[in-house]
Amino acid sequence: MENYATLFTPISIGTMQLKNRGIVSAMGTGFTTTECAVNDRLIAYHREKARGGFALLTVEVTAVTPDGKTAFTTPGLWKDEQIEGFKRLAEAVHAEDCKICVQLQHPGRQTLTIFNDAQPVAASSIACPKMKELPRALRTEEVYDLVKKFGDGAERAKKAGIDAIEIHGAHGYLLCQFMSAYSNKRTDEFGGSLENRMRFPLLIVAEIKNRLGKDYPILFRMSAEEWCVGGITLPEARVMAKMLEAAGVDALNISVGNYSTETFWGSSDYPVAYIAKYAEDIKKSLQIPVIVAGKVNDPYIAEELLSSNRVDLIAFGRESIADPHFMQKARDGRYDEIYSCIGCHQGCTKNLLTGKALTCLVNPFVGREAELQIKPADQVKKICIVGAGPAGLQAAWILAKRGHDVTVYEKEKHIGGQFAVAAYPPGKADLVKPLQYYYKMGCIFGVTYQFHTEVHAERILEVKPDVVILATGSQPFYPPIEGIGCPDLVNATDILSGKRPFGEKILIAGGGMVGAETADFLSTYHKKDVLIMELAAEIANDMNAVSKVALMERLEKNKVQFSVNSKILKFYADGVQYERNGMVEEVRGYDTVVLALGSKDYHPLEAELSGQISELYTIGDAQKAGQALEAIRQATELALQI
């Protein structure tokens, strides 16, 4: 704790006393019922974070009208029947010595008709570039009615025992649409001048203050920069912040972006604490506390931001998903035991954007807190795990914590498998962190690791294990294409890991995530001339949208060339023959041809051990090549069952 003294210093937001400076920002979960009511799953999710030492939790975007949802499962406070669920949630969080806040929001144009059975509404009839659905401009009287709806929602939250309200005026949602000249083209009292554009959020603040009392804490989340032509800029945001403070807002939560720029998601290649400079600027002219989120996933970084008086509180978003016990571990000095968010977006953003519930690659327990619990094993068993990739490492520490005798065999000299190699492209360095965490936990709970050891069936049988888990990962897939066996061709993983050299002019066969990130590695770090040859119509179509945006921007900046809809017919040492649009062509003269054509499962011991080991399991890529999200989930579930 001595390293993070300011992080654990109490602070007040209005009349609300907080025990430390670490709070949780509002994030969608997809956990609520189809009736948009708080349920046991959402309560368990928040209870775990409260137990983990955070001072204040903010419930995700909560609708104030039934036609103002961002998704089918958006929580609601538009009717009294929804109070009970929030009451149970507040009681559960309070029981763990933590405060709770509800973020009231209306999506405006950043939603779809399918979610609300109604056409989206907005400040003006301008479609969101991301959602691509034309909204209806709100009539003036409807804006005033929404002010009351926000007041109604806040009143219900207070009745439920909620400690504070956060008004969502950031990220391009309805209030931000009114605040920004980018999306507000109105000619009534809610459009035009800055004062008029601020009228809607300021009326909401006044409504809540009038109905709940001046002492009831109100937070306001705003975008300091929208990063789009005509959008909110920092000079405007400074004025907006002062107006909100004068209206009685008790704390400002500073963010950036909207749906058209997607910058508020913060992918793995974003700088650490990338929003902090905006919060620091706005804080200079305010007396109320200023909060910042945005890739603060290390207590040392949090402490620096706080102790240097750049901000007053840190809102941990996806980091609190990766490790709900972040604050407690930091307080106890267990830095090496902190799960760190790697910014992959596979289980959080990608799931939510595709209508699925929240999960997490590094922490598959999230959202299943009541279901997945590590309990002592009924019978202690001797367990051999072959492979120290993410699946093998995750299974190992959980099994050992449950009391089993676990040995991990790894043919390489280090942990990680293909996942460790995936950390080499730009912005992917954090991928080593979960590997380090799993290994550290294994050491704590007594896992035996044998590196540089390629085991055979005979050796496994000599040990006489009760259980064998094959987590041997995957191998490169080589389709039957003429010339693919040429020894001059190089696999992408060998390029990334430095096992093979490369020239100045490089052709990459395969434009999925691996091929695209290899091109990024070669063009960004090594300034190479790169061409990607891809069978599909799109590059990196197996990546999540958030990570892909920044990647494609770099590839274009580095002048990486793409040849899509291109079927490779033959490989040469210096190029390929391919078919595109019915025409057969060749490209030659490349110094290096790189293969990134996918992976296949690798489990050579499965057949040899089948029938000789009573409990034999194959998990992760060894079972079916895919994403680490699925491999780690499989490993976790298996480790809890044995």
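The values are calculated or read from the model by the stated rules, or taken from the named source; none is laboratory data. Predicted model only: the values in this text are computed from it and were never measured. Here Cβ is always computed from backbone atoms with ideal geometry, including for glycine, and neighbour counts include all displayed protein chains. For the accessible areas, the whole protein counts, side chains as well, though only heavy atoms, and no ligand, DNA or RNA atoms are used. Shrake-Rupley method; radii C 1.70, N 1.55, O 1.52, S 1.80 Å.
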* Structure fact -> The condition of being of a type outside the set (F, W, Y), modelled with pLDDT of 95 or more and open to solvent by less than 50 Å² (accessible area, probe 1.4 Å) holds, among M552, M533, M543, only for M533
* Answer with yes or no whether K130 is under 26 Å from K87 (Cβ atoms) and of a type in the set (K, R). => no
* To do: Among residues belonging to region 458-484 that are at pLDDT 95 or above and of a type in the set (G, A, S), point out the one that is nearest to E608 (Cα to Cα).
  => A471
* Structure fact -> Inside region 13-34, the number of residues satisfying the requirement of being open to solvent by less than 20 Å² (accessible area, probe 1.4 Å) and at pLDDT below 95 is 1
* Structure fact -> Just one listed residue, out of G191, G151, is closer than 18 Å to L212 by Cα, in contact (Cβ under 8 Å) with a residue 60 or more places away in the chain, touching a helix residue (DSSP H, G or I) at 6+ places or on another chain (Cβ under 9 Å) and open to solvent by less than 40 Å² (accessible area, probe 1.4 Å), and it is G151
* **region 400-435 - residue that is under 30 Å from S610 (Cβ atoms) and basic (K, R) and, of those, surrounded by the fewest Cβ atoms within 10 Å (Cβ to Cβ)** => K413
* To do: Report the residue count in region 494-525 for those that are surrounded by fewer than 22 Cβ atoms within 10 Å (Cβ to Cβ), of a type outside the set (F, W, Y) and more than 15 Å from L555 (Cβ to Cβ).
  => 9
* Asked: Restricting the search to region 436-486, which residues are in contact (Cβ under 8 Å) with a residue 60 or more places away in the chain, surrounded by fewer than 15 Cβ atoms within 10 Å (Cβ to Cβ) and among the polar types (S, T, N, Q)?
  -> Q436
* Asked: Is it the case that some residue within region 290-297 is part of a loop (DSSP other than H, G, I, E, B), touching a strand residue (DSSP E or B) at 6+ places or on another chain (Cβ under 6 Å) and either of a type in the set (K, R) or crowded, with 22+ Cβ neighbours inside 10 Å (or both)?
  -> yes
* Structure fact -> Flagged in region 1-56 as assigned to a loop (DSSP other than H, G, I, E, B) and among the acidic types (D, E), in numbering order, are E35
* The one condition in (1) crowded, with 24+ Cβ neighbours inside 10 Å; (2) touching a strand residue (DSSP E or B) at 6+ places or on another chain (Cβ under 7 Å); (3) not small (G, A, S) that W78 fails to fulfil -> (1)
* To do: Give, as residue ranges, the helices (runs of 4 or more DSSP H) completely inside region 93-212 that count at least 1 residues that are farther than 28 Å from I291 by Cβ.
  => 113-116, 140-159
* Structure fact -> Residues of region 197-217 being of a type outside the set (D, E, K, R) and in contact with a helix residue (DSSP H, G or I) (Cβ under 6 Å, 6 or more places away or on another chain), in sequence order, are M198, F200, P201, L202, L203, I204, V205, I208, L212
* Counting just the residues of region 261-282 that are open to solvent by 30 Å² or more (accessible area, probe 1.4 Å) and modelled with pLDDT of 80 or more, which one comes out farthest from D430 (Cα to Cα)? -> D281
* When both residues are 6+ apart or on different chains and their Cβ atoms are under 7 Å apart, which pairs have a first residue that lies in region 92-115 and is within 22 Å of I218 (Cα to Cα) and in contact (Cβ under 8 Å) with a residue 40 or more places away in the chain, and a second that is open to solvent by 50 Å² or more (accessible area, probe 1.4 Å) and assigned to a helix (DSSP H, G or I)? -> A92/R47; V93/R47
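Which residues, taken from region 555-577, are hydrophobic (A, V, I, L, M, F, W, C) and loosely packed, with under 15 Cβ neighbours inside 10 Å?
Scanning region 555-577 gives a single hit, A573.
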